[in-house]
1. Which number in (1) in the same structural domain as HIS19 (by TED's automatic domain parsing); (2) modelled with pLDDT under 95 marks the one condition that TRP141 misses?
2. Checking the conditions here, which among LEU95, LEU75 is within 25 Å of LYS16 (Cβ to Cβ) and among the aliphatic types (A, V, I, L, M)?
3. Listed residues THR12, THR23, THR51, THR74; which is out of contact with any helix residue (DSSP H, G or I) (no Cβ under 8 Å at 6 or more places or on another chain), more than 21 Å from ALA127 (Cβ to Cβ) and of a type in the set (Ser, Thr, Tyr)?
4. Of the residues that make up region 129-139, is at least one surrounded by fewer than 21 Cβ atoms within 10 Å (Cβ to Cβ) and part of a helix (DSSP H, G or I)?
5. Mind listing whichever residues of region 256-277 are assigned to a loop (DSSP other than H, G, I, E, B) and among the β-branched types (Val, Ile, Thr)?
6. For region 160-255, which strands (runs of 3 or more DSSP E) that fit wholly inside it have 1 or more residues that are in contact (Cβ under 8 Å) with a residue 24 or more places away in the chain and crowded, with 18+ Cβ neighbours inside 10 Å?
7. For region 1-14, what are the residues that are farther than 21 Å from THR81 by Cβ and either in contact with a Pro (Cβ under 9 Å, 6 or more places away or on another chain) or surrounded by fewer than 19 Cβ atoms within 10 Å (Cβ to Cβ) (or both)?
8. Among the residues of region 256-273, write down those that are of a type in the set (Asp, Glu) and either under 14 Å from the mean Cα position of the chain (by Cα) or surrounded by 19 or more Cβ atoms within 10 Å (Cβ to Cβ) (or both).
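The values are calculated or read from the model by the stated rules, or taken from the named source; none is laboratory data. Computed from a predicted model, the values in this text were never measured in an experiment. Heads up, the Cβs are rebuilt from the backbone with ideal geometry, glycines too, and the neighbour counts pull from every protein chain shown.
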Amino acid sequence: MTESMKIVARTTASPKEVHHALTDAATLRGWLAEHARVELPERYEFWGRYTPRGDVPRQRLLHVDDLTLRFAWTLDGVERTTEFALAEQDGGGTLITIAQEGIDPGLAEREEGVKNVLFTFWYLASANLVDLVEGRPVTGWCDFTDGDLRAEVEIAAPRERVYDALTDGEKATEWFGYPIGIEPFVGGRYAMGGLEDDHGGARIVDLEPGRRMGVDWGADMGVTTWELADSGGGTRLTFVQSGFDDGDQVFAGWCGSVSGLAELRRYLEFPDWRSIWVTA
């Protein structure tokens, strides 16, 4: 492929199990898309509410074997290639490499339109894929047809630990995988990139210790609010995004946020936690 972004995720599942999740239509509907139709080696299609530009299927199968799946995906009039490559890890498990053509890895977060969405869409999809093949509930979806962005996540950890992981900048940086600076008081900064490199202007506008926090990101992204409640010995986290301008940017942000919650769950639930994603 030409210029592409790559995501590498790891799972304890075998390559055979991951391959089945990639190529079985019923299983695809559990982690990737609302609708899927697979007839190998001729057809590989997915569409619906959880797919960018998902009003109709827009994929064309290019290649499939036991360790590789490659398809063309036409979005906004441009056909781009997407590839999944599986590799067995030493000691068991699988490395899943997702390569998306047409996105400059150094500019992916600043791309506009569907290119911006694809960057975080594949992070969320890969998080859901790993959870599914490991027998865990998927974290959530992005409904590209609905401006009501809301997710509920059950976390097997006490509410106080969840609150601490969400409001302590060092811990948030660890599980999110990107520097985050947090001043945990109303009017305090919430800085992607860290407090020393804060150019976004996001501010905490609502805070109830141990229960709730709201962050105002401005008109493009609106306000994100999470609220915690005790739930069967664990915690139910309700995450909402509202008050934003319509457009791809907010969906891109939502996909990134929900994929981050997948890491938060694992960070709090696994004593030997390590990130879903592998960095070079």
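1. It is condition (1) that TRP141 fails.
2. Values: LEU75 fails: within 25 Å of LYS16 (Cβ to Cβ).
Testing whether each residue is within 25 Å of LYS16 (Cβ to Cβ) and among the aliphatic types (A, V, I, L, M) leaves just LEU95.
3. Numbers: THR12 fails: more than 21 Å from ALA127 (Cβ to Cβ); THR23 fails: more than 21 Å from ALA127 (Cβ to Cβ); THR51 fails: more than 21 Å from ALA127 (Cβ to Cβ).
The match here is THR74.
4. Checked against the condition, which is being surrounded by fewer than 21 Cβ atoms within 10 Å (Cβ to Cβ) and part of a helix (DSSP H, G or I), region 129-139 yields at least one hit.
5. ILE276
6. 190-192, 212-216, 223-231, 234-242
7. ARG10, THR12, SER14
8. Correct list: GLU263 only.
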